[in-house]
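Trainee: Here it is, the structure in full.
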Amino acid sequence: MELKRLGASGVMVPEIGLGTWRYSGGSEPLRRGVELGANLIDTAEMYRTEDQVGEAIVGIRDDVFVATKVLGSNLRYDAVLRAADKSLRLLGIDKIDLYQIHWPNPSVPIGETMRAMERLVADGVVDHIGVSNFSVEDMQDAQAALDNNPIVSNQILYNLRRRRAERDVIPYCLENDIMVMAYSPLHEGALVGNSGGRIRQALGLSRDQHTLAEVAGETGKTAAQVALNWVADQEGMIAIPKSNSVARTEENCAASGWRLTAEQRQRLDRAFSV
Ligand SMILES: NC(=O)c1ccc[n+]([C@@H]2O[C@H](COP(=O)([O-])OP(=O)(O)OC[C@H]3O[C@@H](n4cnc5c(N)ncnc54)[C@H](OP(=O)(O)O)[C@@H]3O)[C@@H](O)[C@H]2O)c1
C-alpha cells in the first residue's frame, strides 16, 4: 500500500482508505482492509456506522487512523463538542485522528465552529482538523478562522465521471498542502456496474466503461482497480471506496502499488471527458 502525507500534519496515510457510508458489512471487510494496509477508516455521525467501525477496530485501534465527521447542521460551538463526544463513545476510542466538518453551513459563523474544533484539539480528543465539500472560498475562510491548526484535508466528490474539482478545489489543495480525500471514487459503484448491489452488466457497457474495461484488460487489473488507481495516483490525493464484501475490499486494496501508463491515463481522460 502506497502512503500519502496528510497535508501539513506530516502523518502518512494509505492512498486507499475504507469508506463506510451505507456500510453493513460487519467487522470482517474493515479488518481485512486494515490488514492489507488500508488503515484509514472514514465514517461520520450522519452515516450511523460509527458503532460498526468501533466494533471492527477493537484490539487494533492503534493500527487504525480513524476519520469521522460532524454534521453540517451541528456546527454551533456546543453542538460540535457534543457531537464529538458522541462519536468518541460510539467509536469506543478516546481520540479522533481526523475530525472533519461534513459540509459548510453559511448560517453558522465559521469562527464559532473552528473555535470548538481547536478546543477539541487542545483538549486532546482530536488530532487533526479536516473539512468536506468545501469550496476554495470555504477553505480560505475556515483556515483564516483557525489560530493554531492547519486544515489538513478536504473530502470531496471526485472520480472518473465527476471531475469538477479539477477546476479550482484540487489545485488550491495542492498549493496549500491540503490532502484531497476523494469520495465515491467508484461513483457509488456505477463506474463498475454495481449500484447498491443492482448489477447493470446486462444493460451492456457505456462508452466510457468500455474504455475502462479495455485498460483493465491491458493491465491485468479489474475495472474497479483501474478507476481507483486513476484517483489515488494523483499527487496529494487518496481514495476511500466503500465495500461490504471482503473480496471486493481485497480487490480495492490491490488498486495501490502499481501505475497506469501516461498513455492509459490519457485514454481514460479522453473517454470520460465527453
Ligand atoms: N463527505 C461526503 O459528503 C461523502 C459523500 C459520499 C461518500 N463519502 C465517503 O466516501 C466513501 C465512498 O463513497 P461511496 O460509498 O459513496 O461510493 P463508492 O465507494 O464509489 O462505491 C461504493 C459502491 O461500489 C460497490 N463496490 C465497492 N468496491 C467494488 C468493487 N471492487 N467492484 C464492484 N463494486 C464495488 C459497493 O458495493 P459493495 O459494498 O456491495 O461492495 C457500493 O455499492 C463513503 O463510504 C463515505 O465514507 C463521503
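Trainee: Thinking of the chain as a set of Cα atoms, what percent of all their pairs are more than 31 Å apart?
Mentor: When every Cα pair of the chain is considered, 24 percent fall beyond 31 Å.
Trainee: Still on this structure, please answer the following. How compact is the stretch 1-146 by the rule of thumb for globular proteins, expressed as Cα Rg over 2.2 N^0.38 Å? Each step should come with its number before you reach the end.
Mentor: On the way: Rg = 14.8 Å, N = 146, 2.2 N^0.38 = 14.6 Å.
Computed over Cα atoms of the stretch 1-146, the ratio equals 1.01.
Trainee: If you put +1 on each Lys and Arg Cβ and -1 on each Asp and Glu Cβ, how big is the dipole of the stretch 43-126 around its Cα centre, in Debye rounded to 20? Present the calculation step by step, with values, prior to reporting the outcome.
Mentor: On the way: 10 positive and 13 negative charges, 57 e Å.
Its charge dipole is roughly 280 debye.
Trainee: How much FRET efficiency would the formula 1/(1 + (r/R0)^6) give for R48 and A122, where r is the Cβ-Cβ distance and R0 is 25 Å, rounded to 0.05? It would help to have the intermediate numbers written out before the result.
Mentor: Numbers: r = 29 Å, r/R0 = 1.14.
It comes to 0.30.
Trainee: Size of the dipole of the stretch 128-167 about the Cα centre, Lys and Arg at +1 and Asp and Glu at -1 on the beta carbon, nothing else charged, in debye to 20? All intermediate terms of the calculation are to be shown ahead of the outcome.
Mentor: Values: 5 positive and 5 negative charges, 93 e Å.
So the magnitude is around 440 debye.
Trainee: What is the distance in Å between the Cα centroid of the stretch 103-148 and that of the stretch 19-95?
Mentor: Using only Cα atoms to place each centre, the spacing works out to 19 Å.
Trainee: If we count every other residue with Cβ under 10 angstrom of L160's Cβ, Lys/Arg +1 and Asp/Glu -1, where does the sum land? Walk me through the numbers before you get to the answer.
Mentor: Numbers: positive: R161, R162, R163; negative: D208, D269.
Every neighbour counted, the sum reads +1.
Trainee: Here is a further query. In the stretch 151-274, if the dipole is taken from +1 on Lys/Arg beta carbons and -1 on Asp/Glu beta carbons about the Cα centre, which of A223, T261, Q209 is farthest to the positive end?
Mentor: Result: Q209.
Trainee: Which Cα, out of I101, Y47, L75, lies furthest along the positive dipole direction of the stretch 36-116 (beta carbon charges, K/R +1, D/E -1)?
Mentor: Of I101, Y47, L75, it is L75.
Trainee: Taking only protein heavy atoms into account and a 1.4 Å probe, give the accessible area per residue of the stretch 88-162 in Å².
Mentor: Numbers: 3110 Å² over 75 residues.
Ligands and nucleic acids excluded, the figure is 41 Å² per residue.
Trainee: Decide, for the stretch 215-268, between rounded, prolate and oblate: order the square roots of the alpha carbon gyration tensor eigenvalues as a ≥ b ≥ c, take rounded if a/c falls under 1.5, and otherwise choose prolate if a/b is larger than b/c, else oblate. Working shown, then result.
Mentor: On the way: a/c = 2.36, a/b = 1.39, b/c = 1.70.
Verdict is oblate for the stretch 215-268.
Trainee: With springs only between Cα atoms under 10 Å apart, run a GNM on the chain and tell me which of I60, I129, I240 wobbles the most.
Mentor: Residue with maximal mean-square fluctuation among I60, I129, I240: I60.
Trainee: Using alpha-carbon pairs under 8 Å, 6+ residues apart, how would you state the relative contact order of the chain in percent?
Mentor: Normalised by residue count, the contact order of the chain is 22 percent.
Trainee: To continue, here is another question. Can you tell me the dipole magnitude for the chain around its Cα centre, using point charges on the Cβ only (Lys, Arg +1; Asp, Glu -1), in Debye to the nearest 20?
Mentor: Values: 30 positive and 37 negative charges, 194 e Å.
In total the dipole reaches around 920 debye.
The values are calculated or read from the model by the stated rules, or taken from the named source; none is laboratory data. No experiment lies behind these values; they were computed from the predicted model shown. Here Cβ is always computed from backbone atoms with ideal geometry, including for glycine, and neighbour counts include all displayed protein chains. Ligands, DNA and RNA are excluded from the accessible area calculation, which covers all protein heavy atoms including side chains. Shrake-Rupley method; radii C 1.70, N 1.55, O 1.52, S 1.80 Å.
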